[in-house]
Each structure stands twice: as C-alpha cells, then as structure tokens.
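Quick note: the coordinates plus some simple rules give every number you see, no bench work behind them. From a predicted model like this one, the values you see are computed outputs, not experimental measurements. Counting neighbours? That spans all protein chains shown, and the Cβs are built from the backbone with ideal geometry, glycine included.
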Amino acid sequence: MTNINQTTIPAGKAKYGVDAPGVIRNLALASVVLFLIVIFFPLIKIGSVDIETGGLIWSAGGCGLGAILMLAYSLHGKFIHRDRMLNLINWTGDEQVLDVGTGKGLLMIGAAKRLSTGKSIGIDIWNAEDLTGNNVENAMKNAELESVKDKVEIMNENAMEMSFADESFDVILTNMCLHNIYNKEGRKIACAEISRVLKKGGTAIVADWRHVREYKRNFDEFGLSTKLLPANYLTTFPAVGMVMVKK
C-alpha cells in the first residue's frame, strides 16, 4: 500500500477526463476511413469480381455514432451516472467510503461532498489507457479543486489485493473498473475483496458495462444480499448496469 501525500497546488476547474480514449479514437478513425472508401472507391475490382462499397456507409455511421456516444458519456453522462449511484445510498455523513478504481476521483470526490465527519478513500493502479490524464497527481488536484481534500485519501492499491482490514467501509463504490481484470477468477477475487472490506450493514454499488450478472453471482456465493439494477441506456454508452450489494 502506498499513501499519497496531497501536496498538489490546484489551478482551474476539476477535469475528469475522457474514458477509453483509444477506443474513441479508433472508432472515429474507422468511421472516417470507411466514409472515404465509399466516396472515393464506390466500386472496387478484384480480378473479375466487382465489389460495391456503398453498404459500408452503415458501418461508417455506426462507428462514428459509437465514438460520439462514448464522448458524450465522458463529457456529460458520467456525471449523471455518478449521481445515480450516489443517490442509492442513504447518507448520514459519517461513512467510511471506498472508491475502487477511482481514476481522477469522480466517485471518491462525489461521495466526499456528501460527508461531514466521514472519509472517502480512492484506490487505483492508474492505467493510462482507461482515462485521459489518469494519474495520482490529477486525482489529488481534482480533490483540492472540489474543496474536499480534507475528506479524501488516495492510495495505490490493486482491487484484487487490498491492504485494508476486514469490515473497514460502510460504502464501497466502483464504476467501469472490474471488467479491466481480464480473467474470471481475478474478477471473483476482486469481488471477494470488496466483500471482505465491506462492513456488516454496509452497501456496495458495483457498476460496469460487462460481467454485472457475474459479479452478482459472486456476491451471492459469498452470502451477501444482491439486487440487479437496470442499465441506463440514455446517459451511459456502452450501457452501464449495476448490482447493489448489502452485507
């Protein structure tokens, strides 16, 4: 475990980055290339075979729309989604909160704003491919800019191997994080760690665009109470589902 000493001097407005920038870039490039093929090469001859490329216009449009919707989520939708997650908790203000995969601190900071005497801790390994500007310094800077630096703590921690004691947190939040663990057993270990550090009577909200039913089965197996919540197709893309977990 590494505690991060918050010493960054803030400047400007908090910025929470663009999610999956590489995916957005690739979709946009694919859209442009496909459109250019349709425009400049409407008919491609391969030997004696003529291939009409007009049908690619649908693929081009689909890729372009995907890029736009993902960007819209990053710039607007994820703030609505964050509030939806936070509104599922009956806050008293003294909670100990953990944000697993905090990135630039969106959930950690959002939770901190609902606390009085409580503490909001964000953990991550800060993969640059997941989010633009995804690093400890920017997470700390956002906490200061949002005036919650005294209510947060940021740590380098792996979701599959947390250093916290059993039953440390009243609330655990994680969004678009666990799918980045590419093997099923690893995701189950992460769910087990969330279960371990969640207090009796506590609540975890696990949101993701993949594997949500798998997470539910894991928590069910660990003896926790679970409830699947419907994906929000209007403000998240890809649509993000959630499972509410109570211990």
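Things to note:
- Label-point gap, in nm, between HIS179 and LEU88 - each point 7 angstrom along Cα→Cβ: 1.5 nm
- Cα gyration tensor shape of the chain, rounded if a/c is under 1.5, else prolate or oblate by comparing a/b with b/c: prolate
- For the chain, modelled as a GNM whose springs connect Cα atoms under 10 angstrom apart, the maximal fluctuation among THR132, THR174, THR117 occurs at THR117.
- With the cut-off at under 12 Å, measuring from each backbone N in segment 44-80 to a point 7 Å along the Cα-to-Cβ line of LYS113 picks out 79-80.
- Around the amide H of ILE121, modelled in the peptide plane, lie the amide H atoms of VAL97, LEU98, ASP99, GLU153, all under 5 Å away and 5 or more residues distant in sequence or on another chain.
- Residue-averaged 222 nm ellipticity for the chain, from DSSP H runs of 4+ at -39500 (n - 2.57), nearest 500: -11000 deg cm²/dmol
- Pairs from the table (LYS104/LYS227; LYS188/LYS246; LYS13/LYS227; LYS13/LYS119; LYS141/LYS216; LYS151/LYS246) lying more than 26 angstrom apart at Cα are LYS104/LYS227; LYS13/LYS227; LYS141/LYS216.
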